[in-house]
Amino acid sequence: MFYYTPYMLAPLLSALVCGALALLAFRRWHAPAARPVFWVMFILAVWSFFYALKTAAVPLDLKVLFYQIGTTFAAFVGVATLALALEVAGFGAWLILRRIVLLSIIPLLGVILAWTSQFHSLFRYSFHIVNSNGMRLLGFEAGSAWLPYLFYGEALNGTAV
């Protein structure tokens, strides 16, 4: 079901470090910016962990499952990063639930499209195994909704910077 590749070590280390930072932020929940730091680190930890599992998985269906789980978390990195940037910049009052929900609509649609990709070709579809230098990678075709989703996430991250 799994094979060892050194390419899974970096994401596992990332998951460990981000998980430890998320735990530290959670223990200081009431400190300034602790909540957004927790969410950013938690999302990155889970995403990194499932990326490592996807890299090490052998069967296609398992690789697709780990991709879908990872995407469920990775979709919200931009929202969490923007929330952290606003909090640190002194605009934490702007972070009301309604605005966060509005910012999360496109990532949520991306998650729905990722989990339903076997029924359409809008997001990532036509999954297959690509053998490259002894590694079994997840190959796919990108649908018409993939680039707008990707650009939105990058716009959130760019705004945060």
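The values are calculated or read from the model by the stated rules, or taken from the named source; none is laboratory data. All values reported here derive from a predicted model rather than from experimental measurement. Cβ: placed from backbone, ideal geometry, glycine included. Neighbour counts: every protein chain shown. Surface accessibility is based on the protein's heavy atoms, side chains included, excluding ligands, DNA and RNA. Shrake-Rupley method; radii C 1.70, N 1.55, O 1.52, S 1.80 Å.
Brief remarks follow.
- For the chain, the longest principal axis of the alpha carbon atoms and the long axis of helix 34-56 meet at an angle near 10°.
- Shape analysis of the stretch 1-77 yields a ratio of the Cα radius of gyration to the Kirkwood radius, Rg/Rh, of 1.07.
- Per-residue HN-Hα couplings for the stretch 115-130 [Karplus 6.51, -1.76, 1.60; θ = phi - 60°; Hz; x = Gly/Pro]: 6, 10, 5, 6, 9, 7, 10, 7, 10, 10, 8, 6, 5, 7, 8, 10
- Rounded to the nearest 20 debye, dipole of the stretch 35-141 from Cβ charges on Lys, Arg, Asp, Glu: 80 debye
- Residue-normalised accessible area of the chain, expressed per residue, 1.4 Å probe, Å²: 58 Å²
- Computed from the alpha carbon positions, the gyration tensor of the chain leads to an equivalent ellipsoid with semi-axes of 30, 21, 11 Å, biggest first.
- The alpha carbon gyration tensor of the stretch 88-144 gives principal lengths a ≥ b ≥ c with a/c of 1.5 or higher and a/b no greater than b/c, which makes the shape oblate.
- Apportionment of accessible area to carbon and sulfur, the chain, percent (1.4 Å): 72 percent
- Once the Cα atoms are used to define both axes, helix 146-160 deviates from the longest principal axis of the chain by about 30 degrees.
- Sites LEU60 and LEU147, calculated FRET efficiency, Cβ-Cβ separation with R0 35 Å, nearest 0.05: 0.90
- Chymotrypsin sites (Phe, Trp or Tyr not before Pro) restricted to the stretch 83-118 and DSSP loop, no more than 14 other C-beta within 10 Å: PHE91
- Mean separation of Cα contacts under 8 Å, 6 or more apart, over the residue count of the chain: relative contact order %: 21 percent
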